[in-house]
Amino acid sequence: MFFSRKAKPLIDRVAAILASYFSVEATITAKWCSDKLDVDKATDAVKVDDTNPANAFTISLPFCYKTQQANVKAHVLEALKGELTEQQLIVSQHIASGETKNPAVNNIKNIIAVASGKGGVGKSTTSINLAFALMQEGANVGILDADIYGPSVPIMLGNTDAHPHSSDNKHMQPLSAHGLVANSIGYLVPQEDAAVWRGPMASRALKQLIDETLWPVLDYLIVDMPPGTGDIQLTMAQQVPLTAAVVVTTPQDLALADAQKGISMFEKVGVPVLGLVENMSYYQCRACGAKDYVFSKDGGEILAERHGLPLLGQLPLDITVREHADAGTPLLVSAPDSPLSESYREAARALSMQLALTVAPRTQQNKHIKGDPIGVASKL
């Protein structure tokens, strides 16, 4: 096939197609494109096989998008009108480690705080389901329960009787449930006991949970924050290498007022806020399909616009979310094909993409990546 000399290079054309698809600038998507061959770093030999032909063109997305990669590939191929074959176009993804003010935690590329200004907005349930949604989109994910006084992650993962092991009495192996690695004060303190600690003591305990857990290599560590803007929140923001934060709210004015305080706190301590997740946006009748806006309407969208933030997702009020959380059977594991699970995956894709577009990659990408530790304790 012949082209005039004025024809744009293939990389420029694919970048323009991706820019239109993802609604971003072509100068951004051009960085995702390459017509270079994959080279074996050990032998310097070009890797050419059935999955990587000699004239391959690669799109490497910097965010997790596994369930939609086939759609991206089909869209690009159609727009190129036969210029590349299906075998020649390779779509993959690679999550970079985001830059932070504090030194990185070993093996963790990005730490994302999921916060709310007040309790009762479904923050913990949202954290768990977003973590599993990110996993289904191809990321390696862990979750840390930062609610020292009211840990709920063990209940929602269905492993309340599990305890992390230690081979040296200094470091803990995280628990693993349904493929998600996790740690929580709830695994260390008996369920019926309360952690009656002052703020500084609780903050130190949280710091130990992060630093003394032998995390495997994770693209994202989701931190389920306690509600409010107190000592633990400040510890996370000032002493932990938080890459970014997500704020969960419900649409009514009372929750929005507290969510605004959470946004302001992260802005003051220099932690980027990726956006808002509006939980309990509406109730949809199972019998007739009608939507009732129980907790008002469009509140999250209004607050997001006020702060110039994206609304990452609007999640419905649904009894199955509560049932799965109480039973310790995560929704996205038990019913991955449900419309509700897809709502969480949409929010997870938006979160991952916003992080890639908002936070610069760490200058020394692999310095803190030590490799997966042996012996992650598995419960389920």
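From ALA133, ALA113, grab the single residue that is in contact with a strand residue (DSSP E or B) (Cβ under 7 Å, 6 or more places away or on another chain) and crowded, with 22+ Cβ neighbours inside 10 Å.
Matching residue, one of ALA133, ALA113: ALA113.
Within the range 160-179, identify whether any single residue is at negative phi and in a helix (DSSP H, G or I), and answer yes or no. Within the range 160-179, not a single residue is at negative phi and in a helix (DSSP H, G or I).
Annotation: LEU276 fulfils all but one of (1) assigned to a strand (DSSP E or B); (2) more than 22 Å from ALA356 (Cα to Cα); the unmet one is (2). Restricting the range 86-104 to residues that are more than 24 Å from ALA360 (Cβ to Cβ) and part of a loop (DSSP other than H, G, I, E, B) leaves a set whose member that is least open to solvent (accessible area, probe 1.4 Å) is GLN88.
Take ALA79 and decide whether it is without any contact (Cβ under 8 Å) to a residue 24 or more places away in the chain, open to solvent by 30 Å² or more (accessible area, probe 1.4 Å) and not in a loop (DSSP other than H, G, I, E, B).
No: the conditions fail for ALA79.
Residues that are part of a helix (DSSP H, G or I), aliphatic (A, V, I, L, M) and free of Cβ contacts under 8 Å to residues at least 40 places away in the same chain within the range 52-76 comprise ALA70, ALA74, listed in sequence order.
Cβ-Cβ contacts under 9 Å between residues 6 or more apart (or on different chains), taken from a first residue in the range 151-162 that is among the charged types (D, E, K, R) to a second residue that is modelled with pLDDT of 90 or more, are listed as ASP161/PRO154. Does the range 279-292 include one or more residues that are in contact with a strand residue (DSSP E or B) (Cβ under 7 Å, 6 or more places away or on another chain) and closer than 30 Å to LEU61 by Cβ? Yes: one or more hits.
Scanning the range 210-261 for residues that are under 24 Å from ALA177 (Cβ atoms), outside any loop (DSSP other than H, G, I, E, B) and touching a strand residue (DSSP E or B) at 6+ places or on another chain (Cβ under 7 Å) gives ILE210, THR213, LEU218, TYR220, LEU221, ILE222, VAL223, ASP224, MET236, VAL246, VAL248.
Considering only residues in the range 213-255 that are open to solvent by 20 Å² or more (accessible area, probe 1.4 Å) and of a type in the set (A, V, I, L, M, F, W, C), the one that is farthest from GLY300 (Cα to Cα) turns out to be LEU214.
Every residue, every condition in (1) among the acidic types (Asp, Glu); (2) at pLDDT below 90; (3) open to solvent by less than 50 Å² (accessible area, probe 1.4 Å), yes or no:
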position: SER296; (1), (2), (3): no, yes, no
position: GLU301; (1), (2), (3): yes, yes, no
position: VAL321; (1), (2), (3): no, yes, yes
position: TYR344; (1), (2), (3): no, no, yes
position: LEU380; (1), (2), (3): no, yes, no
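Checking every residue in the range 71-84 against the condition of being at pLDDT 95 or above, under 21 Å from ASN140 (Cα atoms) and within 23 Å of the chain's Cα centre (by Cα) gives zero matches.
Which of the residues spanning the range 9-34 are under 20 Å from ASN71 (Cβ atoms), part of a helix (DSSP H, G or I) and hydrophobic (A, V, I, L, M, F, W, C)?
The initial filter retains those residues of the range 9-34 that are under 20 Å from ASN71 (Cβ atoms), namely 13-24, 26, 28-29, 32-33.
With part of a helix (DSSP H, G or I) added as a condition, the list becomes 13-22, 26, 28-29, 32.
Once the filter is applied, which keeps residues that are under 20 Å from ASN71 (Cβ atoms), part of a helix (DSSP H, G or I) and hydrophobic (A, V, I, L, M, F, W, C), the range 9-34 yields VAL14, ALA15, ALA16, ILE17, LEU18, ALA19, PHE22, ALA26, ILE28, TRP32.
Whenever a residue of the range 131-144 is closer than 10 Å to THR67 by Cα, its partners that are open to solvent by 10 Å² or more (accessible area, probe 1.4 Å) and of a type in the set (Ser, Thr, Tyr), lying with C-beta atoms within less than 9 angstrom and at least six residues away or across chains, give the pairs GLN136/THR67; GLU137/TYR65; GLU137/THR67; GLY138/TYR65; GLY138/THR67.
Being under 22 Å from PHE63 (Cβ atoms), under 20 Å from the mean Cα position of the chain (by Cα) and among the small types (Gly, Ala, Ser) is the requirement here; does SER334 meet it? For SER334, the condition - under 22 Å from PHE63 (Cβ atoms), under 20 Å from the mean Cα position of the chain (by Cα) and among the small types (Gly, Ala, Ser) - is not met.
Any residue at all in the range 109-116 that is closer than 11 Å to LEU221 by Cα and not in a strand (DSSP E or B)? Within the range 109-116, one or more residues are closer than 11 Å to LEU221 by Cα and not in a strand (DSSP E or B).
The values are calculated or read from the model by the stated rules, or taken from the named source; none is laboratory data. Everything quoted here is computed from the prediction, not taken from an experiment. Every residue, glycine among them, receives a Cβ derived from its backbone with ideal geometry; neighbour counts consider all protein chains shown. Accessible surface areas use protein heavy atoms only, side chains included; no ligands, DNA or RNA. Shrake-Rupley method; radii C 1.70, N 1.55, O 1.52, S 1.80 Å.
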